[in-house]
Amino acid sequence: MNTDQEIEQLKAALEKFGLKREKPAGRMLGTRWQAHANYTKDVVPTVILANAQRAADEFCPAILRIHNAIHFNLADQSFSFDYSPDFDHSDEPVLAASFTVHADGSSQFIPIAMDPIIWPHKWLWVTDEYAGFDIKQSMQRSLWLCSLAPMSEQKKYHRRAAWLNYLDTLAGGNA
């Protein structure tokens, strides 16, 4: 079986657990669209992106150089430039910095927390053609996680320490 067929089979299996990539790439979590920065223009309206870029250029220009992920909240039209230093290398990357621009023009910078937010199921954030990490391996990791616990349970653990403890408990100390 070739890799394309394997990926399609993994997608079908993961969709049964409620894991489905939005088009062209990204994941909806509540009202927030999460995606890799490569897909920003496919996800975010041009006016919102332009306003967010102007604010970031004025108040937090470094984030424009380093961000590799985005969050776009459809409900309140806020947009975040996010940075994860381990996005391509970790199974569950951490959020290290975020700069959010709100619809009213206000903004805020959030630095890395002592116990950072993690992003499981990162394959949802990119297309199958993304070359930064092994998409099939990431999907297999998601399938393994879904075989251990339902998504409703997994969603409770979005901080790194709690997530690692949760995985250790699920795997019987072999995570």
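Couple of notes before you dig in:
- Cβ-based net charge around Leu19, under 9 Å, with every Lys or Arg adding one and every Asp or Glu removing one: +4
- Annotation: amide H-H contacts under 5 Å for Ala97 (H modelled 1.01 Å from N, sequence separation of 5 or more, or interchain): Tyr83.
- Ala37 paired with Ser90, simple spin-label distance in nm, labels 7 Å along Cα-to-beta-carbon: 1.7 nm
- ³J(HN,Hα), Karplus 6.51/-1.76/1.60, whole Hz, each residue of the range 21-34, x for Gly, Pro: 6, 7, 8, x, 8, x, 9, 8, 10, x, 9, 9, 8, 10
- For the range 60-171: relative contact order, % (alpha-carbon pairs under 8 angstrom, 6 or more apart): 18 percent
- Take the Cβ atoms of Trp144 and Gln53, set R0 to 30 Å, and the FRET efficiency comes out at 0.20.
- Using a cutoff of 8 angstrom between alpha carbon atoms and counting only pairs six or more residues apart, the relative contact order for the range 22-122 works out to 21 percent.
- Contour excess over end-to-end distance, with Cα ends at Met151 and Ala75 and 0.36 nm allotted per residue: 25.1 nm
- Placing a label point 7 Å from the Cα of Lys23 along the Cα-to-Cβ direction, the residues of the range 127-164 whose backbone N falls under 16 Å of that point are 127-128.
- Working from the Cα coordinates of the chain, the gyration tensor eigenvalues give, after taking √(5λ), semi-axes of 28, 19, 14 Å in decreasing order.
- Where labels lie 7 Å past Cα in the beta-carbon direction, separation of Arg65 and Glu8 in nm: 4.4 nm
- GNM top mover of Leu19, Leu124, Leu164 - the chain, alpha-carbon springs below 10 Å: Leu164
Any read-out appearing in this document is the output of simple, stated calculations on the displayed coordinates, not a laboratory observation. The shown structure was predicted, so the numbers you read here are calculated from the model rather than taken from an experiment. Here the Cβ is made from the backbone with ideal geometry for all residues, glycine too, and neighbour counts use every protein chain on show.
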